[in-house]
Amino acid sequence: MKKEWPQWEVFVRSEAGLAHKHVGSLHAADERMALENARDLYTRRNEGVSIWVVKSENVHATDPSETEAFFAPSEDKTYRHPTFYHVPEGVKHL
Amino acid sequence: MYTSISDGIEGAPDGGDARERAFDERLDRALKIEPPDWMPDAYRKTLTRQISQHAHSEIVGMLPEGNWITRAPSLQRKVILLAKVQDEAGHGLYLYGAAESLGTSRDELVLALLSGKAKYSSIFNYPTLTWADVGAIGWLVDGAAIINQIPITRCSYGPYARAMVRICKEESFHQRQGFDIMWTLAHGTAEQHAMAQDALDRWWWPSVMMFGPPDSESTHNVQSLRWKIKLFTNDELRTKFIDQTVPQAEQLGLAIPDPDLRWNDETKHYDIGPIDWDEFYRVIGGNGPCNKDRLQARVDAWEDGAWVREAAAEHARKHGSDAA
């Protein structure tokens with residue numbers, strides 16, 4: 001069997017000013033075909049104004065079995081949030 | 001478009017180790033399972049089969065309706081049907097993507113269909129004899145599909161649930177355009193009305209069967225319900241479909257082909273006559289009116305397209321961003 005076309009992850013900007021968001025994946029021979037297929041597959045009803053495609057093999061992700069340890073450094077730092085601090089009565093614009 | 005042809009469970013549940021307990025706990029807390037997460041083999045296999053069969057159904061489902069694109073009765077009906085059939089291709093591709101995330105390649109999934117190993121929804125093994133059949137498919141088959149699919153937007157597997165959200169958004173256009181065709185025919189000439197009735201007569205029972213065997217015979221319900229890849233039983237979904245469709249048929253002025261159909265004031269549901277499950281199993285078993293044609297059309301498309309796939313891959317090798 002011939003090797004199948006590579007898989008691409010698709011990110012769509014739904015309107016100007018918003019970030020691109022992951023919407024799914026597809027197969028295409030090259031980046032131009034990936035963009036055109038992404039348009040036909042994920043924006044048939046005006047869902048986007050810009051598309052990014054990235055080869056799936058180039059996406060690196062955190063390991064789910066290490067989620068707890070990986071994100072632990074931010075867990076106990078409640079002083080990073082404004083709600084940690086007591087605002088004395090009468091003090092405004094803080 | 002879709003159906004629950006098979007919610008088959010492969011293999012027995014894995015042993016109760018710590019990973020399995022953590023997995024069960026995620027399900028109990030209604031947390032989604034994502035592709036890199038550990039999951040029992042049986043869950044992975046069952047989902048791969050369910051999602052890929054759903055994908056195959058979308059792709060094979062393009063054939064009966066595609067049959068009428070060149071003969072649609074107006075330019076407007078033609079562009080609508082083209083858009084609908086294109087949506088079905090899209091639904092198939094969203095679902096193949098979700099199935100691949102479980103670790104089976106696209107080619108393996110497609111070849112399982114072409115070899116006859118994988119199943120697709122039995123409903124597409126019936127022929128579309130008249131234009132009214134396009135209306136009946138949209139109204140009944142897509143209507144049944146919506147009832148099947150809406151709960152799956154809440155299923156435990158993230159990629160499947162997200163694909164289903166996109167599909168459900170697009171599906172209601174499909175059902176309405178089908179109802180619109182039926183409405184126009186039902187309010188047209190006597191011949192057009194008869195054509196609409198004939199389509200309902202042929203599509204009603206296969207649509208009722210789309211929800212799969214009765215709960216009393218479906219051994220897969222329990223495990224799939226526990227895994228949250230099925231949220232209602234076959235009979236619950238079937239009842240919902242009948243309850244919402246019967247009044248629509250009355251509004252169309254068409255008769256449901258079931259002499260035993262009547263409202264039950266105690267259960268607050270419709271009672272229906274016996275379902276011909278022999279026919280269901282005969283069609284699933286490969287002996288429906290169009291099984292051979294449908295599969296042959298997919299095999300031909302795959303083989304005729306081989307040179308295109310190879311040429312595009314070669315072009316990418318020579319001119320793509322990765323080209324040396």
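The values are calculated or read from the model by the stated rules, or taken from the named source; none is laboratory data. Everything numeric in this text was worked out from a predicted model, so none of it was measured. Glycine gets a Cβ as well: all are built from the backbone with ideal geometry, and neighbour counts include every protein chain shown. Keep in mind that these areas ignore ligands, DNA and RNA; they rest on the heavy atoms of the full protein, side chains included. Shrake-Rupley method; radii C 1.70, N 1.55, O 1.52, S 1.80 Å.
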Provide the convex hull volume over Cα atoms per residue for chain B, in Å³.
160
Restricting things to alpha carbons, find the Rg to Rh ratio for segment B:34-110 using the Kirkwood radius for Rh.
1.16
With labels modelled as points extended 7 Å from the Cα through the Cβ direction, what inter-label distance (nm, one decimal) is found for B:GLU25 paired with B:ALA190?
7.3
Environment charge of B:ASP201, counting only residues whose C-beta is closer than 13 Å and scoring Lys/Arg +1, Asp/Glu -1
-2
Buried accessible area for the B:A pair, summed, 1.4 Å probe, in Å² rounded to 100?
1800
Suppose the chain between B:GLU279 and B:GLU314 were pulled fully straight at 0.36 nm per residue; how much longer would it get relative to their current alpha carbon spacing?
7.9 nm
Only Lys, Arg (+1) and Asp, Glu (-1) charged, at Cβ; segment A:7-80 dipole about Cα centre in debye
420
Please identify the helices of chain B, taking whole runs of DSSP H, that span at least 24 Å along their own axis as judged from the Cα atoms and have a mean Kyte-Doolittle score of 0.0 or higher.
B:75-100
Segment B:91-232: D in µm²/s via Stokes-Einstein (Kirkwood Rh, Cα pairs, 10 °C, 1.306 mPa s)?
94
Dividing the helical contributions, -39500 (n - 2.57) per DSSP H run of n ≥ 4, by the residues of chain B yields a 222 nm value, nearest 500 deg cm²/dmol, of -19000 deg cm²/dmol
Taking loop as defined by DSSP and a crowding limit of 12 other beta carbons within 10 Å, which trypsin sites (Lys or Arg not before Pro) in segment B:21-90 fit?
B:ARG29
Could you compute Rg(Cα) / (2.2 N^0.38 Å) for the protein assembly as shown, with N its residue count?
1.11
Trypsin sites (Lys or Arg not before Pro) restricted to DSSP loop in segment B:271-312 with at most 12 other C-beta within 10 Å
none
With +1 on the Cβ of every Lys and Arg and -1 on the Cβ of every Asp and Glu, the dipole magnitude of the protein assembly as shown about its Cα centre, in debye rounded to the nearest 20, is 1060
Tell me the net charge near B:ASP258. Cut-off is 11 Å between Cβ atoms, B:ASP258 excluded, with +1 for each Lys or Arg and -1 for each Asp or Glu.
-2
What angle, in degrees between 0 and 90 and rounded to the nearest 10, separates the Cα long axis of helix A:31-42 from the longest principal axis of the Cα atoms of chain A?
70
If you build a Gaussian network model of chain B, linking Cα atoms that sit under 10 Å apart, which residue out of B:TRP68, B:TRP205, B:TRP307 swings the most?
B:TRP307
Given springs between every Cα pair under 10 Å in a Gaussian network model of chain B, which of B:GLN192, B:GLN86, B:GLN251 has the largest fluctuation?
B:GLN251
How would B:GLU266, B:GLU170 rank on accessible area, largest to smallest, probe 1.4 Å?
B:GLU266, B:GLU170
Cleavage-rule hits, trypsin sites (Lys or Arg not before Pro), segment B:116-178, DSSP coil, Cβ neighbours within 10 Å at most 16:
B:LYS117
Whole-percent tail of the Cα-Cα distance distribution for segment B:221-324, cut at 24 Å, equals 61
With a ≥ b ≥ c from the Cα gyration tensor eigenvalues, square-rooted, and the rule rounded for a/c under 1.5, otherwise prolate when a/b > b/c and oblate otherwise, segment A:7-80 is oblate
Within 13 Å, Cβ to Cβ, of B:TRP68, how many net charges do the neighbouring residues add up to if Lys/Arg are +1 and Asp/Glu are -1?
+2
FRET efficiency (A:HIS81, B:LEU129; Cβ distance; R0 41 Å; to 0.05) is 0.05
Place a +1 charge on the Cβ of each Lys and Arg in chain B and a -1 charge on the Cβ of each Asp and Glu, then give the dipole magnitude about the Cα centre in debye, rounded to the nearest 20.
880
Among B:ILE256, B:ILE51, B:ILE137, which one shows the highest mean-square fluctuation when chain B is modelled as a Gaussian network with alpha-carbon springs under 10 Å?
B:ILE256
